[in-house]
Amino acid sequence: MLSASCRIARLSSPNLNMVLIVGIMLVYLMVIILGIDSNLVPTWVVSGFCQTRLWLGVIAFTLVYGSIQAQTLRVFYILKNIKVAQNKDKIKVRI
């Protein structure tokens, strides 16, 4: 396992990775609730499970998709800043 002092672990956005893992765990919990047989539990519990599944699905999708988008945006800004810095160096050389 990589420690927090490792350069690769720090560059991989550990906070966003933790958000991604929480979202994936919520998806797994939603699948478990989805697999509960409605004939084995009372009807009032089934309606609660339906609401729980819905909310878990929405929250899990938001966490997973949002963290992936944030990581993509982070990489975009890093690469954009590198290109800008390279262009500034070229301008300095021309002057």
- Query: In nm, what is the difference between 0.36 nm times the number of residues separating T43 and T72 and their Cα-Cα distance?
  - Reply: 6.1 nm
- Take every Cα-Cα distance within the stretch 15-94, group them into 5 Å bins from 0 onward, and report for each bin the whole-number percent of pairs it holds. 3, 14, 15, 12, 10, 9, 8, 7, 6, 4, 4, 3, 2, 1, 1, 0
- Quote the FRET efficiency, to the nearest 0.05, computed for S12 versus I82 with a Förster distance R0 of 22 Å and r equal to the Cβ-Cβ distance. 0.80
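Only the coordinates and a few stated rules stand behind these numbers; no lab work does. These figures come from a predicted structure and were not determined experimentally. Don't worry about glycine lacking a Cβ; one is built from the backbone with ideal geometry, like all the others, and counts go over all protein chains shown.
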